[in-house]
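Down below is the structure, laid out as structure tokens.
The values are calculated or read from the model by the stated rules, or taken from the named source; none is laboratory data. These figures come from a predicted structure and were not determined experimentally. Neighbour counts run over all protein chains shown; Cβ positions are idealised from the backbone, glycine included. Ligands, DNA and RNA are stripped out before the accessible areas are found, and what is left, the full protein with its side chains, is counted by its heavy atoms. Shrake-Rupley method; radii C 1.70, N 1.55, O 1.52, S 1.80 Å.
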Amino acid sequence: QVQLVESGGGLVQPGGSLRLSCAASGTILSINTMGWYRQAPGKERELVARMASGGSANYADSVKGRFTISRDKNTVYLQMNKLKPEDTAVYYCNLNYGLDYWGQGTQVTVSS
């Protein structure tokens, strides 16, 4: 059974930074993609960034140049800089290798 445990959310002022972490445990295929999605109130869940086990990454246009995804085997990180109020959302970790696994979500609030 696969489990994803997230940490690092919180309240930050506009222009600030946060770092999210997600550790995956269980039986995991070595070829996979890990990433972050977010869901703001009243909106659909959207991709923020994801990284394949081979290292290739892609980002939503809205976060390019501000967010950086990285990973160490089955742990994925999201460094978020220059945060804006519109980044406020619940952020979900995702692991995919044909099947999708999700973390419980961590709240990120950007507000003065």
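Odds and ends about this structure:
- For segment 1-68, the carbon plus sulfur part of the accessible surface works out to 49%, probe radius 1.4 Å.
- Hz values of 3J(HN,Hα) by residue in segment 24-31 - Karplus curve (6.51, -1.76, 1.60), Gly and Pro given as x: 9, 9, x, 8, 10, 5, 5, 9
- Judged by the gyration tensor of its Cα atoms, with axes a ≥ b ≥ c, segment 1-61 is prolate; a/c meets the 1.5 cut and a/b is the larger of a/b and b/c.
- Scanning the chain for trypsin sites (Lys or Arg not before Pro) that sit in a DSSP loop and have at most 12 other Cβ atoms within 10 Å, the longest stretch containing none of them is 1-42.
- Length gained when the stretch Ala40-Lys64 is fully extended (0.36 nm per residue, less Cα-Cα span): 6.8 nm
- Under the criterion of Cα pairs below 8 Å and six or more residues apart, the relative contact order for the chain equals 36 percent.
- Segment Ser21..Gln3, full-extension length gain: 5.1 nm, with 0.36 nm per residue of separation and the alpha-carbon distance subtracted.
- Extension gain, Leu29-Ser53: 0.36 nm per intervening residue step, less the Cα-Cα distance, totals 7.7 nm.
- Cross-link reach list, aspartates and glutamates versus Lys64, counting only Cα pairs under 16 Å and skipping chain neighbours closer than eight places: Glu46, Glu86, Asp87
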